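Working notes, structure below.
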Amino acid sequence: MLSPLTAARGKAAVIASISLVAGGLVAGCDLQENADLERGRTLFVENCGTCHALTEARTAATIGPDLDLSFAHARSKGMDQDTIEGVVSAQVENPRYIREEDPDYAKSFMPAGIVSGRDLEDVAAYVASVAGVAGIQPPDLGSAEEIFAGQCAQCHTLGAAGSTATVGPNLDEALPGQKAAQIEESIRNPEAEVSSLPFDGTNMPVFDENAIPEENLAELIKYLMDNAGK
């Protein structure tokens, strides 16, 4: 987790980098004409949501810059959607580095090319369509099964959901025998207790009330308790 000072520098840097990259782009080139925004949203949640906050995607991570904050500033300066799309593509392909006074410190917000090709086109178009848009709200989460598919399946195995990911612990092994309060803490405060089961080791994002509201969380927990290990 970045310190408040480093996070502040990161936000300032991404705003500055947006301005720099935008200077080399031509607005109004209709970059997203053939993009699949729904697919881009799914890819964003899977690949970017663990680090970036974006209201429409229901992600609230603070490891990297808040994309609503960064692009609201850009929009207020007159940047249009096509230009934002180009900025996102450029940032993903060549992330800017922040260098602290310590000569041994060099940190990129993300690895270069975390998505590429058609995936990058869809992600960039999606982010450009929603980031920093005034008053934008996330869509309804749907059923517990849909919540799991959208928020959890990219990281966890759960036989009942047909998911086989290994980024996080296998829920068919981890959850049986746990009480609802334990599962809730794992979702709301995942660093409170790290599973001893083998997994790829990537930190789980915090799913706060913006990401999963209380009423949806209760449904998700019931779904997990009814299906894990069955």
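The set of residues in the range 107-139 that are crowded, with 22+ Cβ neighbours inside 10 Å and outside any helix (DSSP H, G or I) comprises ALA131, GLY132. Would a scan of the range 212-228 turn up a residue that is at pLDDT 85 or above, touching a Leu at 6+ places or on another chain (Cβ under 7 Å) and in a loop (DSSP other than H, G, I, E, B)? Within the range 212-228, one or more residues are at pLDDT 85 or above, touching a Leu at 6+ places or on another chain (Cβ under 7 Å) and in a loop (DSSP other than H, G, I, E, B).
The residues in the range 90-106 that are surrounded by fewer than 16 Cβ atoms within 10 Å (Cβ to Cβ) and at pLDDT 85 or above can be counted, and the count is 2.
Filtering ASP172, ASP226 for residues that are surrounded by 15 or more Cβ atoms within 10 Å (Cβ to Cβ) and not hydroxyl-bearing (Ser, Thr, Tyr) leaves a single hit, ASP172.
Looking at GLU191, GLU173, GLU209, GLU184, just one residue is in a loop (DSSP other than H, G, I, E, B) and over 28 Å from ARG39 (Cβ atoms), and that residue is GLU191. The C-beta contact set for the range 27-42 (first residue at positive phi and in the same structural domain as ALA57 (by TED's automatic domain parsing), second residue modelled with pLDDT of 90 or more and not small (Gly, Ala, Ser), distance under 9 angstrom, 6+ apart or interchain) comprises GLY28/ASP80; GLY28/ASP82; GLY28/THR83; ASP30/ASP82. Checking the stated criteria, LEU141 turns out not to satisfy the condition of being in contact with an Asp or Glu (Cβ under 8 Å, 6 or more places away or on another chain) and among the aliphatic types (A, V, I, L, M). The set of residues in the range 39-89 that are in contact with a Phe, Trp or Tyr (Cβ under 9 Å, 6 or more places away or on another chain), part of a loop (DSSP other than H, G, I, E, B) and buried (at least 20 other Cβ atoms within 10 Å of the Cβ) comprises HIS52, ARG58, GLY64, PRO65, MET79. Within the range 12-38, the set of residues being part of a loop (DSSP other than H, G, I, E, B), modelled with pLDDT of 50 or more and of a type in the set (D, E, K, R) comprises GLU33, ASP36.
Please verify whether THR62 is β-branched (Val, Ile, Thr) and closer than 16 Å to SER129 by Cα, treating the condition exactly as stated. In short, no. Out of curiosity, is LYS179 over 18 Å from CYS48 (Cα atoms), surrounded by fewer than 16 Cβ atoms within 10 Å (Cβ to Cβ), without any contact (Cβ under 8 Å) to a residue 12 or more places away in the chain and over 20 Å from the mean Cα position of the chain (by Cα)? Spelling it out, LYS179 is indeed over 18 Å from CYS48 (Cα atoms), surrounded by fewer than 16 Cβ atoms within 10 Å (Cβ to Cβ), without any contact (Cβ under 8 Å) to a residue 12 or more places away in the chain and over 20 Å from the mean Cα position of the chain (by Cα). Selection of the range 134-177 for residues being under 30 Å from ASP68 (Cα atoms) and acidic (Asp, Glu) yields ASP140, GLU145, GLU146. LEU220 falls short on exactly one of the conditions (1) crowded, with 21+ Cβ neighbours inside 10 Å; (2) touching an Asp or Glu at 6+ places or on another chain (Cβ under 8 Å), and that condition is (2).
The values are calculated or read from the model by the stated rules, or taken from the named source; none is laboratory data. On a predicted model such as this, the values are computed, not experimentally measured, just so you know. FYI the Cβ positions are ideal-geometry reconstructions off the backbone, even for glycines, and counts take in every protein chain you see.
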